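As structure tokens, the structure follows; a few thoughts come after it.
The values are calculated or read from the model by the stated rules, or taken from the named source; none is laboratory data. The model shown is predicted, which means the values in this text are computed figures rather than measured ones. Note that we place each Cβ from the backbone using ideal geometry, even for glycine, and neighbour counts take in every protein chain shown. Side chains are part of the model used for accessible areas, which takes the heavy atoms of the whole protein and leaves out ligands, DNA and RNA. Shrake-Rupley method; radii C 1.70, N 1.55, O 1.52, S 1.80 Å.
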Amino acid sequence: MRPSSDRSVPPGRGASLRDRFLDWKARLIADSGFRRFAARFLPTRFIARRAAGELFDLTAGFVYSQVLAAFVQLRLPDYLHAAPRDLQEVAARTQLSPDRAERLLNAAAALKLARRRSDGRWALGDLGAALVGNGGVTAMIEHHRLLYDDLRDPIGLLTGDGETSLSRFWSYAARDPADAAEATRYSKLMEASQAFVAEEVLDALPLSRHHRLMDVGGGTGTFVAAVATREPSIGLMLADLPDVVALARERLAAQGLAARVRLHGVNVLCEALPHGADIITLNRVLHDHDDANALAILKVARAALPPGGTLVVAEPMAGTPGAERAGHAYFGFYLLAMRQGRPRSFDEIARLAAAAGMRGVREHPTATPLLVRVLSAQA
Ligand SMILES: CC(C)=CCC/C(C)=C/CC/C(C)=C/C=C/C(C)=C/C=C/C=C(C)/C=C/C=C(C)/C=C/C=C(C)/C=C/CC(C)(C)O
Ligand SMILES: C[S@@+](CC[C@H](N)C(=O)[O-])C[C@H]1O[C@@H](n2cnc3c(N)ncnc32)[C@H](O)[C@@H]1O
């Protein structure tokens with residue numbers, strides 16, 4: 001939060017030329033007379049239309065998301081991928097009246113999820129096609145039902161600290177291994193969303209010179225399994241809370257990796273990590289924690305590394321150029337609803353790593369920085 005003393009600074013004083021220009025522009029746009037003028041005046045009409053479109057999309061974004069949710073819940077991506085379908089077929093398949101099925105398909109077409117062909121049948125649009133075989137994204141779209149509940153009262157979310165649908169989902173599932181169904185739901189979602197992250201991280205990160213990798217907060221082992229496939233000779237360790245390690249044990253055994261991965265039930269907030277790895281990865285772990293705990297985790301990781309060993313932090317980061325909305329807006333509010341953690345910029349994570357005694361921080365560019373960026377540093 002900005003210190004309240006900031007508000008006493010007169011506007012313009014100490015501001016850069018760019019700030020002054022942007023302040024002036026905001027004052028202009030805030031004037032409804034100017035907006036009316038700009039929408040009619042030919043040279044500014046295009047800019048005004050674009051701004052109106054952007055503001056409309058912000059206003060209506062939750063409707064678009066619900067069209068997407070219906071499209072996915074009704075399994076239309078796979079159905080339309082298999083073959084183009086006429087309206088009667090879609091209606092029969094979804095058990096909607098033809099009128100309602102057409103309403104959905106028209107909405108989906110407007111969002112590039114579906115496409116009406118020249119023969120009148122329905123096929124996938126570009127964005128619908130990108131969902132095919134993308135179980136991770138599909139799982140996130142369905143999971144968003146919970147986040148949607150929590151966002152019904154955004155001010156309540158911002159002012160309160162109470163339990164939310166998301167905080168119940170994550171903490172209850174993680175802490176109550178007795179409830180196998182919840183624990184499975186938890187790990188399934190983590191696995192599904194890790195699947196698309198692991199490949200991005202491994203494409204970005206050179207592992208060939210390392211002997212043993214320990215994935216800390218490694219969940220049920222999706223990442224170590226992906227490493228095992230790519231690097232047949234690297235040794236593997238996974239550390240996570242004991243309850244989660246129990247799930248990892250089952251899952252890795254089912255994949256024939258029981259002998260390949262050493263498992264360690266450790267609470268990194270109050271216990272040391274085992275030694276033996278020359279590279280430690282923290283995939284989507286730090287953003288779940290406040291600064292004090294994030295720093296503690298980095299210190300514990302550093303203490304487990306030999307001098308010169310590598311620490312890797314891989315997660316979506318705030319302020320990523322071209323993906324600003326994903327950082328502070330999406331993950332900022334997702335983690336707010338989870339009641340734990342916050343998204344950080346690359347520089348903030350770099351500063352935490354330096355405070356934990358790491359040096360030589362660098363970035364390994366990924367294919368889709370919106371989903372995950374990769375930072376490494378040396379112990
Ligand atoms: C034929 C040609 C050449 C062109 C045709 C036109 C064209 C350009 C088509 C594009 C084709 C293409 C390559 C499409 C690719 C699309 C991709 C890669 C889409 C990927 C989308 C990914 C999405 C939407 C991911 C969403 C992920 C989310 C929402 C993840 C959330 C994760 C959370 C909340 C994690 C929580 C963990 C916790 C609890 C915070 O710790
Ligand atoms: C968001 S999940 C990420 C899992 C996996 N790395 C991935 O990307 O799918 C965070 C993981 O950190 C683990 N974790 C959270 N707090 C922990 C702690 N104090 N000690 C050890 N692991 C912890 C959780 O159990 C969970 O598996």
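Which residues, taken from region 250-271, are within 14 Å of ligand 2 (Cβ to nearest atom) and within 19 Å of residue 232 (Cβ to Cβ)? Steps first, please.
Step one: filter region 250-271 for residues within 14 Å of ligand 2 (Cβ to nearest atom), giving 251-252, 261, 263-271.
Scanning region 250-271 gives 252, 261.
When you scan region 278-287, do you find a residue that is at negative phi and over 24 Å from the mean Cα position of the chain (by Cα), even just one?
Yes, region 278-287 has at least one match.
Are any residues in region 37-71 more than 20 Å from the chain's Cα centre (by Cα) and either under 30 Å from residue 94 (Cα atoms) or hydroxyl-bearing (Ser, Thr, Tyr) (or both), and if so, which ones?
Those that are more than 20 Å from the chain's Cα centre (by Cα) and either under 30 Å from residue 94 (Cα atoms) or hydroxyl-bearing (Ser, Thr, Tyr) (or both): 44, 56, 57, 59, 60, 63, 67, 70, 71.
Of all the residues that make up region 316-329, how many are in a helix (DSSP H, G or I) and open to solvent by 70 Å² or more (accessible area, probe 1.4 Å)?
3
Could you check how many residues of region 234-247 are modelled with pLDDT of 95 or more and in a loop (DSSP other than H, G, I, E, B)?
1
Picking from 93, 117, 103, which residue would you name as being in contact with a strand residue (DSSP E or B) (Cβ under 7 Å, 6 or more places away or on another chain), at pLDDT 95 or above and more than 16 Å from ligand 2 (Cβ to nearest atom)? Step through it out loud before you land on a result.
Values: 93 fails: in contact with a strand residue (DSSP E or B) (Cβ under 7 Å, 6 or more places away or on another chain); 103 fails: in contact with a strand residue (DSSP E or B) (Cβ under 7 Å, 6 or more places away or on another chain).
Of 93, 117, 103, the one residue that is in contact with a strand residue (DSSP E or B) (Cβ under 7 Å, 6 or more places away or on another chain), at pLDDT 95 or above and more than 16 Å from ligand 2 (Cβ to nearest atom) is 117.
Give me the residue from region 276-295 that is at pLDDT 95 or above, part of a helix (DSSP H, G or I) and near ligand 2 (Cβ under 9 Å from one of its atoms) and, out of that set, least open to solvent (accessible area, probe 1.4 Å).
Among those residues, the one meeting the criterion is 287.
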